Amino acid sequence: PEDYKNGRVMQLLSIGEYKLYYLLRWNDMVADIREQYPLELEDTLNISQVLHVRHPKNKSTRMTSDFLVDFTDGTQKAYSVKYSVHDIDDKRTSEKLEIEAKYWEMRGIPFEIVFSEDMDINIVTNIRLVTEFYNIDKVFDQDSYIKHLIATKQLDVPLDKGLLDFRNIRRLTDGKPDFIWNK
């Protein structure tokens, strides 16, 4: 998808990354999201030696973290996305995650493993549906205007109560001057 706040096309490689991207981007404390963030090869090679685990692929392959996130308070956090907690039962997967965790620990940056199955697809879908109209130039009717108001957080609706019913939201806002779209 195109990042609706900065216009950059995001390179997301799994449904889990897609879900986490939307959840992170919705957070007002997130300033920037960098996906498939490359880790310094020399550092990951050294870490793999210290941990006595094989480096991924070969000695010229750079590891990546799924996301490196910059927050508005100047802090950062790295994320790795896995489908389920059972994914880390795999010895090789846990070894690679151990290298990645140590890499970020050495930099003083928190690292978190996030599981796709734990993310609510309804919330993600609601965010995606409204953020398509984040930019006012994409608004073309009353429904898209309401989605724009939600995306820009001028209209607060709960995103965690199932899929948004835009027809009902429109009915509740009909006739209210703040919600009338005129173009």
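The values are calculated or read from the model by the stated rules, or taken from the named source; none is laboratory data. No experiment lies behind these values; they were computed from the predicted model shown. Note that each Cβ is placed from the backbone with ideal geometry, even for glycine, and that neighbours are counted across all protein chains shown. For accessibility, only protein heavy atoms count, side chains too; no ligands or nucleic acids. Shrake-Rupley method; radii C 1.70, N 1.55, O 1.52, S 1.80 Å.
A simple packing score, the average count of other Cβ atoms within 10 Å per residue, orders the peptides 114-121, 49-56, 127-134 as 127-134, 114-121, 49-56, with the highest score first. Phi-derived couplings, Karplus 6.51 cos²θ - 1.76 cosθ + 1.60 at θ = phi - 60°, listed residue by residue for the stretch 31-36: 8, 8, 10, 10, 9, 6 Hz, with x used for Gly and Pro.
Of the accessible area of the stretch 1-101, computed with a 1.4 Å probe over protein heavy atoms only, carbon and sulfur atoms account for 51 percent. Pairs exceeding a 26 Å alpha-carbon distance, out of Lys77/Lys161; Lys19/Lys59; Lys5/Lys96; Lys91/Lys161; Lys82/Lys102: Lys77/Lys161; Lys19/Lys59; Lys5/Lys96; Lys91/Lys161.
Rounded to the nearest 20 debye, the dipole magnitude of the stretch 35-183 is 320 debye, with +1 charges on Lys and Arg beta carbons, -1 on Asp and Glu beta carbons, and the Cα centre as origin. Among the GluC sites (Glu not before Pro) in the stretch 13-76, those located in a DSSP loop and surrounded by at most 16 other Cβ atoms within 10 Å of their own Cβ are Glu40.
A 1.4 Å probe run over the protein chains yields, for the stretch 38-80, 56 Å² of accessible area per residue, whole-number rounding.
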